[in-house]
1. Within segment 187-206, count every residue that is modelled with pLDDT under 95 and under 17 Å from Arg308 (Cβ atoms).
2. Any chance segment 98-116 includes a residue that's within 12 Å of the ligand (Cβ to nearest atom) and surrounded by fewer than 19 Cβ atoms within 10 Å (Cβ to Cβ)?
3. Pull out all pairs, ordered by first then second residue, where Cβ-Cβ is under 7 Å, the residues are six or more apart or on different chains, the first lies in segment 43-65 and is on the phi > 0 side of the Ramachandran plot, and the second is open to solvent by less than 10 Å² (accessible area, probe 1.4 Å) and near the ligand (Cβ under 10 Å from one of its atoms).
4. Any residue in segment 8-30 that is within 20 Å of Ile165 (Cα to Cα), crowded, with 21+ Cβ neighbours inside 10 Å and either within 13 Å of the ligand (Cβ to nearest atom) or modelled with pLDDT under 85 (or both)?
5. If you go through segment 269-289, how many residues are under 21 Å from Arg346 (Cα atoms) and open to solvent by 10 Å² or more (accessible area, probe 1.4 Å)?
6. Does Arg247 satisfy being under 22 Å from Ser142 (Cα atoms), modelled with pLDDT under 90, open to solvent by 50 Å² or more (accessible area, probe 1.4 Å) and out of contact with any strand residue (DSSP E or B) (no Cβ under 8 Å at 6 or more places or on another chain)?
7. State which residue pairs qualify: first residue more than 16 Å from Leu57 (Cα to Cα) and inside segment 144-155, second residue assigned to a loop (DSSP other than H, G, I, E, B) and away from the ligand (no atom under 16 Å from the Cβ) in any location, beta carbons under 6 Å apart, and separation of 6 or more residues or different chains.
8. Could you list, in sequence order, all residues of segment 135-158 that are at pLDDT below 95 and in a loop (DSSP other than H, G, I, E, B)?
Amino acid sequence: MPTIDQCRGCPYRAPAIGPRGNPASRIVLVGEAPGATEVADGRPFIGRAGEKLWEALAEARLSETDVFITNSVACRPLNPIRPKVRTPSPEAIRACHGRLARDIELHPRAVIVALGVTAVQALTGRRGFPVTKKARRTELPSDWGTVVPTLHPAFVLRRPEDYPILVADLKHARRLAEETGSAGVAKRVPSVPEFRLRFPISKVRFWAKRYSYTDDSEVEAIGESAGKRGWYTRDEFLSVSLWKTDRSKSRCAKNSASTVEEVTEVALRASDERLRIGALTVLQGVEMPTASVLLHLALQTYPIIDYRALWSLGIDPPPAYYSFEFWWKYTRACRALADEAGVSMRTLDRALWQYSKEHQSIA
Ligand code: URA
């Protein structure tokens with residue numbers, strides 16, 4: 001049973017269910033989230049969607065000993081405002097990512113099957129992948145090896161004519177697992193993308209001059225004092241977090257002054273990069289994007305993680321979850337660009353933000 005008492009930022013607190021199947025199997029199936037039947041039983045895919053899945057697995061010549069099954073989110077999505085909405089929210093997918101990673105990484109997998117669009121998002125960071133159009137022996141890269149996206153069995157219950165697609169994709173996964181034998185993870189392709197500036201490097205100053213987000217002088221001054229002192233005070237931390245987003249305002253306010261000071265001191269003084277960024281995410285309400293702003297303003301050599309900046313570097317959509325590897329590669333890419341353009345990280349950040357503001361159409 002996953003421990004849910006350590007979850008941060010997840011809207012659900014229903015009982016969590018664990019995985020099922022053979023922990024030594026080469027095929028991992030990832031569903032969406034449990035329903036009421038699964039919660040009552042404690043195992044995934046027990047209800048009607050489960051029956052469809054087992055039928056399709058049998059047709060693909062796979063049994064429970066050939067697969068290991070888990071979900072993108074371990075708790076049942078219960079939305080008090082819209083009770084009929086059962087699709088897990090992006091916050092829940094992010095909050096459950098560590099648990100999903102553990103389920104998968106403990107595994108000698110050869111291939112992972114994503115059952116539906118939520119699983120594709122949880123595994124690859126791609127939102128809204130058109131599974132209904134593209135599922136048919138497609139293969140996507142992920143941090144954990146090849147992902148075969150396919151239809152969710154609940155979708156097949158509503159559209160029985162698409163059942164053969166699910167079966168064909170499961171057969172494809174079986175073949176991939178057979179091809180890799182016991183040789184290890186199939187086609188392990190890291191999902192950390194390349195960053196490519198969408199505009200000429202010579203235009204960085206031009207776009208930075210057009211920057212129109214807010215007057216940043218207050219947070220810049222805060223960052224400078226925090227950098228000199230070696231830590232953020234609680235008030236400074238709250239102002240900087242609010243500048244980034246007001247969505248986590250109440251959670252950020254739960255951190256005491258001493259926690260903020262100690263944690264930010266560890267981060268600003270760290271020589272290990274993983275510790276530097278990771279320490280900040282210990283603070284309530286702070287995930288990678290806000291942590292990146294705290295470093296950006298105090299230390300000046302770190303970029304801000306923001307969907308606009310990422311878009312200007314060719315990342316679309318942004319990942320559902322920011323790994324250390326992603327952040328570190330992004331940091332090094334931005335440092336190289338700032339050097340090449342002969343500008344500070346702050347100027348580069350303004351240019352990236354503004355270029356997206358004037359060119360990115362937001363759905
Ligand atoms: N649907 C899922 O995605 N997972 C389950 O465990 C049950 C139904």
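The values are calculated or read from the model by the stated rules, or taken from the named source; none is laboratory data. Small disclaimer: the values here were computed from a predicted structure and weren't measured. Cβ atoms come from the backbone with ideal geometry, glycine included; neighbour counts cover every protein chain shown. These accessible areas exclude ligands, DNA and RNA; they are computed on the full protein's heavy atoms, side chains included. Shrake-Rupley method; radii C 1.70, N 1.55, O 1.52, S 1.80 Å.
1. So the answer is 3.
2. no
3. Every condition considered, the pairs that remain are Phe45/Gly31; Phe45/Leu53; Phe45/Ile69.
4. The initial filter retains those residues of segment 8-30 that are within 20 Å of Ile165 (Cα to Cα), namely 27-30.
Still in the running and crowded, with 21+ Cβ neighbours inside 10 Å: 27-30.
Still in the list and also either within 13 Å of the ligand (Cβ to nearest atom) or modelled with pLDDT under 85 (or both): 29-30.
Yes - at least one qualifying residue is present in segment 8-30.
5. Number of matching residues: 6.
6. Numbers: under 22 Å from Ser142 (Cα atoms): no; modelled with pLDDT under 90: yes; open to solvent by 50 Å² or more (accessible area, probe 1.4 Å): yes; out of contact with any strand residue (DSSP E or B) (no Cβ under 8 Å at 6 or more places or on another chain): yes.
So Arg247 fails the test.
7. That search, which allows pairs on different chains as well, returns Gly145/Val185; Gly145/Ala186; Gly145/Arg188; Thr146/Glu139; Thr146/Ala186; Thr146/Lys187.
8. Ala135, Arg136, Arg137, Thr138, Glu139, Pro141, Ser142, Asp143, Trp144, Gly145, Thr146
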